1. Looking at the structure I just gave you, is VAL113 of a type outside the set (S, T, N, Q), modelled with pLDDT of 85 or more and either touching a helix residue (DSSP H, G or I) at 6+ places or on another chain (Cβ under 8 Å) or buried (at least 16 other Cβ atoms within 10 Å of the Cβ) (or both)?
2. Could you tell me which numbered condition LYS38 fails, if it satisfies all but one of (1) touching a residue at least 24 places away in the same chain (Cβ under 8 Å); (2) of a type in the set (D, E, K, R); (3) touching a helix residue (DSSP H, G or I) at 6+ places or on another chain (Cβ under 9 Å)?
3. Please tell me if VAL31 is over 13 Å from ILE129 (Cβ atoms), at pLDDT below 85 and among the β-branched types (Val, Ile, Thr).
4. Is one or more of the residues making up the range 85-103 outside any helix (DSSP H, G or I), modelled with pLDDT under 80, in contact with a Gly (Cβ under 8 Å, 6 or more places away or on another chain) and surrounded by 11 or more Cβ atoms within 10 Å (Cβ to Cβ)?
5. Test ALA69 against the stated conditions and say whether it is assigned to a helix (DSSP H, G or I) and touching a Gly at 6+ places or on another chain (Cβ under 9 Å).
6. Within the range 14-66, can you find the residues that are in a loop (DSSP other than H, G, I, E, B) and farther than 25 Å from CYS111 by Cβ?
Amino acid sequence: MKNQKGFTMIELVVVIVVLGILAAVAIPKFVDISAEAKTAALDGVVGGIASASAVNYAARSVDSSKGVATAGVAIFCSNAATALLEGGIPDGYTLDPAAPVGGLVAGSNTCTVTQVDGGVTKDVTIIGI
């Protein structure tokens, strides 16, 4: 009899079963990781806005000609965040355009950041000065 090379049918079936089990375990983990990644990305945007606001507040507290004026009639959450962040609000995120009556006031102003893709929201405090 000739020496034949290749896999037997049983070996192929075992490999397919093992791959199926791995896929059944991995797919739910991937979906869970995607949701966590979207939340982490939103946290990063909110943290960037809060950090920029704090740095701006510190700069304007020392010298009113430095930084960006974020308290005033024409400045709303989205405008203030765009002015504070060097590149503006990242794509895929929006800030509520509404603000307290008369625009952002001196002191703490709470704005809501929404992730367009996931619909996840989180509040951020912009310090009006």
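1. Against the criterion (of a type outside the set (S, T, N, Q), modelled with pLDDT of 85 or more and either touching a helix residue (DSSP H, G or I) at 6+ places or on another chain (Cβ under 8 Å) or buried (at least 16 other Cβ atoms within 10 Å of the Cβ) (or both)), VAL113 qualifies.
2. (3)
3. Values: over 13 Å from ILE129 (Cβ atoms): yes; at pLDDT below 85: yes; among the β-branched types (Val, Ile, Thr): yes.
Judged against the criteria, VAL31 is a match.
4. Yes, because at least one residue in the range 85-103 is outside any helix (DSSP H, G or I), modelled with pLDDT under 80, in contact with a Gly (Cβ under 8 Å, 6 or more places away or on another chain) and surrounded by 11 or more Cβ atoms within 10 Å (Cβ to Cβ).
5. no
6. Correct list: ASP63, SER65.
Let's see how each residue does on (1) modelled with pLDDT under 85; (2) basic (Lys, Arg); (3) surrounded by fewer than 18 Cβ atoms within 10 Å (Cβ to Cβ); (4) within 11 Å of ILE126 (Cβ to Cβ):
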| position | (1), (2), (3), (4) |
| --- | --- |
| LYS38 | no, yes, yes, no |
| VAL45 | no, no, no, no |
| ASP63 | no, no, yes, no |
| GLY67 | yes, no, no, no |
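The values are calculated or read from the model by the stated rules, or taken from the named source; none is laboratory data. Treat the numbers as computed from the prediction; the structure is a model and nothing was measured. Cβ coordinates were reconstructed from backbone atoms using ideal geometry, including for glycine residues, and neighbour counts include every protein chain displayed.
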